[in-house]
Amino acid sequence: MDDDTSDRPIARRDVLRASGGALGFMGMGGGGSERCPDATSRPAMRDCDGSTRKGCRDDHPRTEELLGAATESLDSDFDTVGALLEDGFVPYFDVLTGDSSGGWSHWLNPRYIGDDSIFDASRPAAIMVDNKWWRPLGLMFVATREGDRVSAPSVYGEDDEQRCSPWHQHVGLPGRYAWWKYRQLWGDGGDGFRLPCDTPCMMHVWTYPHPDGVYAHGAPPRENRGGPPAEPAGFETSATPGEDVLGIDVLAEELLNSSVARS
């Protein structure tokens, strides 16, 4: 990243506060086009090329290994929002749009997205956080190496009936815009002002019980997310986990003071 950051905090604050309603401002269009025939203006996702859930099982040894590593990583290194901030994670703008009950959000780490690992639970590309309880819920892996997209690898198996490769990508405007905005603020800038046709391939590993399995796309039901709230928050704030929603008003100042804002 550029060493001259004297004017970045103000720009980032403005973007962080305005991003939730900025889609129309960009004038980039949201529906399908000749360049992006699968793009939609509404939230939408699709399976990545070659992805399959046919062989995915929660009791498979590889799934248990990956889940164990994810649980250990969250418990030992990433147990609070403060720990995420300290390690360089930044909210993926869905923290701006949580409902009154808190919803959940993705937190991305530019360093880990930019390294050469994919399935390393100690260096996860992203962590999902419950915005009500401020508690990490699982990991998200992104199919990138050194920041560039790569073909999504299988978790295990080679035969189509036994292979587990539960990758998805977002083709709806909100997801594509969020990835573009992330790259503008925290990444390498991507394709400048050109909105991508889709996001890189992504894969969730939930550490809380999920009726649709460890690799489900959506978050576990609220009743499965456990309690009590994550305390302490891990950074100085007058807000209280479980009482105040983890939103941009809570995070803005801390993000400006974080290691990422200074990088």
Worksheet, complete the sentence: Per the rule of 0.36 nm per residue minus the C-alpha distance, extending Arg194 to Ser151 adds in nm 13.3 nm
Worksheet item: Rounded, prolate or oblate: which fits segment 172-237 when a ≥ b ≥ c are the square roots of the eigenvalues of the alpha-carbon gyration tensor, with rounded for a/c under 1.5 and prolate only if a/b beats b/c?
Response: oblate
Worksheet item: Toward the positive end of the charge dipole of segment 134-192, about the Cα centre and with charges on Cβ (Lys, Arg +1; Asp, Glu -1), which of Trp134, Gly189, Thr144 goes farthest?
Response: Trp134
Item to complete: Could you order Cys56, Cys164 by accessible surface area, starting with the largest, using a probe radius of 1.4 Å?
Response: Cys56, Cys164
Worksheet, complete the sentence: Once normalised by the length of segment 98-247, the mean sequence separation of its alpha carbon contacts under 8 Å that are 6 or more apart gives a contact order in percent of 24
Worksheet, complete the sentence: Rounded to one decimal in nm, the spacing of the 7 Å Cα→Cβ label points at Glu64 and Asn224 is 1.9
Worksheet, complete the sentence: Length gained, Ser33-Glu253, 0.36 nm per residue minus C-alpha separation, equals 75.3 nm
Worksheet, complete the sentence: Net charge (Lys, Arg +1; Asp, Glu -1) of residues whose beta-carbon lies under 12 Å from that of Thr52, Thr52 excluded, is -3
Worksheet item: In whole percent, how big is the carbon plus sulfur part of the accessible area of segment 167-263, probe 1.4 Å, protein atoms only?
Response: 48
Worksheet item: How long are the three semi-axes of the equivalent ellipsoid for segment 101-164, computed from the Cα gyration tensor as the root of 5 times each eigenvalue, in whole Å, largest first?
Response: 25, 17, 9
Practice prompt. Could you pull out every residue, at least 5 positions away or on a different chain, whose amide H is within less than 5 Å of the one on Phe235? Hs are placed 1.01 Å off N in the peptide plane, and Pro or chain starts have none.
Written response: Gly82
Practice prompt. Give me the net charge of Ser151's neighbourhood, meaning all other residues with Cβ under 15 Å from the Cβ of Ser151; Lys, Arg count +1, Asp, Glu -1.
Written response: -4
Practice prompt. Determine how many Å³ per residue the convex hull of the Cα atoms of segment 83-230 encloses.
Written response: 121
Worksheet entry | Additional length obtainable on full extension of the chain from Arg42 to Asp79, 0.36 nm per residue less Cα span | 10.0 nm
Discussion item. Between Glu158 and Phe119, what's the calculated FRET efficiency when r is the beta-carbon distance and R0 is 22 Å? Round to 0.05.
Written reply: 0.85
Fill in: Estimated vicinal HN-Hα couplings, Hz - segment 129-135 in sequence order (Karplus 6.51, -1.76, 1.60; Gly, Pro = x)
10, 6, 6, 8, 8, 6, 10
Discussion item. Skipping prolines and chain starts, which residues have an amide H placed within reach, meaning under 5 Å, of the one on Cys48, given they are 5 or more residues away or on another chain?
Written reply: Trp167, His168, Gln169
Worksheet entry | Within the accessible area of segment 83-156 (1.4 Å probe), percent carbon and sulfur | 44
Practice prompt. Give me the accessible area per residue for segment 185-249, probe 1.4 Å, as a whole number in Å².
Written response: 48
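The values are calculated or read from the model by the stated rules, or taken from the named source; none is laboratory data. Quantities reported herein were computed from a predicted structural model and do not represent experimental measurements. Here the Cβ is made from the backbone with ideal geometry for all residues, glycine too, and neighbour counts use every protein chain on show. To get the accessible areas, we keep the full protein, side chains included, count just its heavy atoms, and leave off ligands, DNA and RNA. Shrake-Rupley method; radii C 1.70, N 1.55, O 1.52, S 1.80 Å.
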